[in-house]
Amino acid sequence: MLVNRVGDIGLVLGMFAIFKEFGSLEFSTVFSTVNEVSQPNSIALICILLLIGAVGKSAQLGLHT
């Protein structure tokens, strides 16, 4: 149960970061404006948060029980 919550938090924080950076969660909007990102580090943060979400939700290495 705890592992699943870690995945939920990572996924939600990643989605919030995408919305804050791009103003939308739609693939077409995000992919068309990705070259106009003000801070390249925000893309890395988004990727890490989404990775944490995927690893936690599927209980992969590091977050398996």
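The values are calculated or read from the model by the stated rules, or taken from the named source; none is laboratory data. Because the structure is a prediction, the values reported are computed rather than measured. Quick reminder, even Gly has a Cβ in these numbers, built from the backbone with ideal geometry, and neighbours come from all protein chains shown.
What to note about this one:
- If you filter the stretch 29-62 down to residues that are exposed (fewer than 13 other Cβ atoms within 10 Å of the Cβ) and assigned to a loop (DSSP other than H, G, I, E, B), you find that the one that is modelled with the highest pLDDT is Gln39.
- Checking each residue of the stretch 20-28 against the condition of being modelled with pLDDT under 90, polar (S, T, N, Q) and either in contact with a helix residue (DSSP H, G or I) (Cβ under 6 Å, 6 or more places away or on another chain) or part of a helix (DSSP H, G or I) (or both) gives no match.
- Sub-9 Å Cβ pairs linking a first residue in the stretch 18-46 that is free of Cβ contacts under 8 Å to residues at least 60 places away in the same chain to a second residue that is basic (Lys, Arg) and exposed (fewer than 11 other Cβ atoms within 10 Å of the Cβ), at least 6 apart or interchain, are Ser42/Lys20, ordered by first then second residue.
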